[in-house]
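One structure is given here, and the rest of the page talks about it.
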Amino acid sequence: MSDRAAPPRVLTVAGSDSGGGAGIQADLKTMLALGVHGMSVLTAVTAQNSLGVQGAWELPVEAVRAQYRSVVDDIGVQAVKTGMLSSAELVETVADLIAGTDAPAVVDPVGVSKHGDPLLAASALDSVRTRLLPVATVATPNLDEVAQLTDIRVESERDLRRAAEAVLAFGPRWVVIKGGHLAPETGRAVDLLTDGTREHWLRAPRYDNRHTHGTGCTLASAIASELAKGRSVPEAVTAAKEYVTGALASGFALGAGIGPVDHGWNLGRRSG
């Protein structure tokens, strides 16, 4: 009896969320739900719940590098996703590792948590611009992260194209500007995917659900999962948007604050 072939393999390089809604935990749940094998490089440990981040401890660069090499050199990867990289030294180390890996990379330039807690040192911003974004196949900043990186404040759909141009100037092949924070009266969640030449406007219903913790991590992981399956960037982002929209619609209360999206909504695992 022959060995069963392994599913596509995706590596997340990110921080831990002890509450299970974002970070490494969200990434691995997303990968499982989308049928790929998730692997992880832990960059930081956080004390985090539905109310916010109570503490964060960065892992040594040597530990991050050793985890990455351990996975990539033996198991191999079809896609890499990055999340919380809190210092310039970590950003530069991970950028160098990705540059030496023959796989698409999805960079989620995490700057602040859902609750407004800073997760990226101000001194690391330049390293994100000059080292990490240039090795990204797809970058996925939200509007707060766009402002951090480019000083552009997106206040309407018209500003999304200008924001995308500014982020692309740092070197990623594609960028998804996530417009979910635009005025809720539009009734639609609008994202712009572009490589500077081709544009894809992705629209989905806006659900009246405050339980949205982990949305950004989930989208980036879903894109990486679809890329690992061999999809093109527009196909991967479109499929990821559909998955995240379902997860948002099914987000549930947890604790006293903001609950998570439901990473397993497409598996039919939850009962009423």
Margin query: Going by amide H atoms built from the backbone, whose H comes under 5 Å of the H on Ser40, apart from near neighbours?
Written below: Thr12
Check: For Ser50, which sequence-distant residues (separation of 5 or more, or a different chain) have an amide H within less than 5 Å of its own amide H, given hydrogens modelled in the peptide plane?
Finding: Ala256, Gly257
Note to self: Rounded to whole Å, give me the distance from the Cα center of segment 1-55 to that of segment 189-260.
What the structure shows: 16
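With a ≥ b ≥ c the root eigenvalues of the C-alpha gyration tensor of segment 15-129, is it rounded (a/c under 1.5), prolate (a/b larger than b/c) or oblate?
Details: a/c = 1.79, a/b = 1.21, b/c = 1.48.
Note, shape of segment 15-129 comes out oblate.
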Checklist line | In sequence order, calculated HN-Hα J values of segment 126-139 (Karplus, 6.51, -1.76, 1.60; Hz; x Gly/Pro) | finding: 5, 5, 4, 5, 9, 10, 7, 4, x, 9, 7, 6, 9, 10
Note to self: I want to check the label-to-label distance for Arg203 and Ala99. Put each point 7 Å from Cα in the C-beta direction and report it in nm to one decimal.
What the structure shows: 4.1
Check: Hey, can you list the DSSP H helices of the chain whose Cα span along the axis is 15 Å or longer and whose average Kyte-Doolittle score is at least 1.0?
Finding: 88-99, 215-228
Check: In the chain, how many lysine pairs have Cα atoms under 17 Å apart, counting only pairs 8 or more places apart or on different chains?
Finding: 9
Checklist line | Derived scalar couplings ³J(HN,Hα) [segment 7-20; Karplus, 6.51 cos²θ - 1.76 cosθ + 1.60; whole Hz; x for Gly, Pro] | finding: x, x, 10, 10, 10, 9, 10, 6, x, 8, 10, 4, x, x
Next item on the list: Only Lys, Arg, Asp and Glu count, each charged at its Cβ (+1, +1, -1, -1), so figure out the dipole size of the chain about its Cα centre, rounded to 20 debye.
Entry: 680
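Answer rounded, prolate or oblate for the chain, using the Cα gyration tensor with square roots of eigenvalues a ≥ b ≥ c: rounded when a/c is under 1.5, else prolate when a/b is larger than b/c, else oblate. Present the calculation step by step, with values, prior to reporting the outcome.
Numbers: a/c = 1.21, a/b = 1.09, b/c = 1.11.
Since a/c stays below 1.5, the shape of the chain is classed as rounded.
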Checklist line | Interchain or long-range residues, amide H under 5 Å from Ala136's placed H | finding: Arg173
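Any read-out appearing in this document is the output of simple, stated calculations on the displayed coordinates, not a laboratory observation. Fair warning: this is a prediction, and the values are worked out from it, not measured in the lab. Cβ atoms come from the backbone with ideal geometry, glycine included; neighbour counts cover every protein chain shown.
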